[in-house]
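Participant: Starting off with a structure, shown below.
The values are calculated or read from the model by the stated rules, or taken from the named source; none is laboratory data. Since the structure is predicted, the reported quantities are computational estimates derived from the model, not experimental observations. Cβ atoms come from the backbone with ideal geometry, glycine included; neighbour counts cover every protein chain shown. To get the accessible areas, we keep the full protein, side chains included, count just its heavy atoms, and leave off ligands, DNA and RNA. Shrake-Rupley method; radii C 1.70, N 1.55, O 1.52, S 1.80 Å.
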Amino acid sequence: MNASTLRFRRAALAVVAAAVLPVTLTACSDSGDGDKADSAKSSPSTPAEAPETPADDASEGMTSDKPFGTACASVPENGAGSFNGMAKDPVATAASNNPALSTLVTAVKKAGLVDTLNTAQDITVFAPTNDAFAKIPKADLDKLLADKAQLTKVLTYHVVGERLAPQKLENGSYATLAKSKLTTAGSGESYKVNDASNVVCGNVQTSNATVHIVDSVLMPAQ
């Protein structure tokens, strides 16, 4: 083979190689892109899960069904005088186990109302604390305690013939066992009776009554 023929063949091989190489590279490139595309199609990205929304608190904005008020802190945590203990007894008995209501209990006994209150069904008692009775001048209080008829009238004025949940105190007018009405007003955990006496520990349950402890003795109209 002469030199001229050898140079021609080398030139021809170079041309063929130049033509084939781009095609090969293109094929490899297409194969890679296709794999990527197929991979993308076969493995779609999983959308992020939406964060869970907490369930609305059903009790939000509602008055609690538990006792409330500043004076509730003085109620014993255990025993007959606790909230759980009072819930097991009728109202006069339950009150006798609460030291803050000892003057009321004495008055109820003097008026002969223990059995009346203990046997009544589904009543509300607005129970004055010892401090509420202490607001009355001693001479006047002694006179009241000695007058059974007047004492009975005052004490039965604190009793309504139905259970009054806190919501019913928001704007109410109720007949009492003394045959005269009292009024209630307020919201949340702040209520007044007759625009003067504050509920200091409300929604206390006994076996036959709902008790709202108040800071002033209620006086019926003469």
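Participant: From the Cα trace of region 74-197, what convex hull volume per residue do you get, rounded to a whole Å³? Please list the in-between numbers first.
Facilitator: Numbers: hull volume 13.7 nm³, N = 124.
In region 74-197, the Cα hull volume divided by residue count equals 110 Å³.
Participant: Calculate one ³J(HN,Hα) per residue across region 65-77 by plugging θ = phi - 60° into the Karplus curve 6.51 cos²θ - 1.76 cosθ + 1.60, and present them in order as whole Hz with x for glycine and proline.
Facilitator: So the J values, rounded to whole Hz, are 8, 9, x, 9, x, 4, 6, 5, 5, 7, 6, x, 6.
Participant: Separate question: For region 131-222, which trypsin sites (Lys or Arg not before Pro) pass both filters: DSSP loop (anything but H, G, I, E, B) and at most 10 other C-beta atoms within 10 Å?
Facilitator: On the way: sites: 135, 138, 143, 148, 153, 163, 168, 179, 181, 192; in loops: 135, 163, 179.
The qualifying sites are 179.
Participant: Can I ask one more? Taking amide H positions as placed 1.01 Å from N in the peptide plane, with prolines and chain starts having none, which residues 5 or more places from residue 200, or on another chain, fall under 5 Å of its amide H?
Facilitator: For residue 200, whose amide H was placed from the backbone, the distant partners under 5 Å are 213, 214, 215.
Participant: In addition: Using Cα pairs under 8 angstrom and six or more residues apart, how large is the relative contact order of region 90-222, in percent?
Facilitator: Numbers: 249 pairs, mean separation 37.9, N = 133.
For region 90-222, the relative contact order is 28 percent.
Participant: Spelling out what I want: for every residue of region 182-187, take phi, set θ = phi - 60°, compute 6.51 cos²θ - 1.76 cosθ + 1.60 (Karplus), and round to whole Hz; glycine and proline get x.
Facilitator: For region 182-187, the Karplus-derived couplings read 10, 10, 10, 7, x, 6 Hz, x marking Gly and Pro.
Participant: May I ask you to rank 83, 68 by accessible area, largest first, using a 1.4 Å probe over the protein chains only? Let's see the in-between values first.
Facilitator: Details: 83 60, 68 10 Å².
Highest to lowest solvent-accessible surface, that is 83, 68.
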